[in-house]
């Protein structure tokens with residue numbers, strides 16, 4: 001019993017030191033404004049409702065065959081998955097728009113098991129997406 005008590009006290013004594021080393025907080029997500037002048041919906045609305053929009057778009061596309069660009073996942077990625085220089089940002093990069101917030105909220109993202117997490121080639125504001133993703137594919141094939 002004494003051994004258990006001393007172990008617990010030791011553990012409690014080291015927790016504040018560990019928290020202080022890491023800044024004591026979970027890093028805030030990196031939220032950029034995207035490459036477009038304005039998002040398809042107001043920012044506050046998107047923060048609270050983006051998942052409902054994505055699910056609605058999925059249902060419209062998969063079950064009804066209706067494809068629209070305004071609230072498509074591809075449209076989101078083309079605008080938000082780039083850095084300030086217009087270079088595509090990988091899903092492995094903590095700066096990736098989706099990954100940044102979802103890590104902060106401890107929410108698992110499974111969209112990118114099927115969908116690409118990088119922008120398409122030829123999207124305004126995106127530089128070298130095809131070459132970048134080709135290089136990533138070659139690297140993963142090694």
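No value in this document is a laboratory result; all are computed from the given coordinates. Fair warning: this is a prediction, and the values are worked out from it, not measured in the lab.
Compactness of segment 39-121 was expressed as the Cα radius of gyration divided by 2.2 N^0.38 Å, which yields 1.09. Spatial offset of segment 89-119 relative to segment 31-61 amounts to 15 Å, using the alpha carbon center of each.
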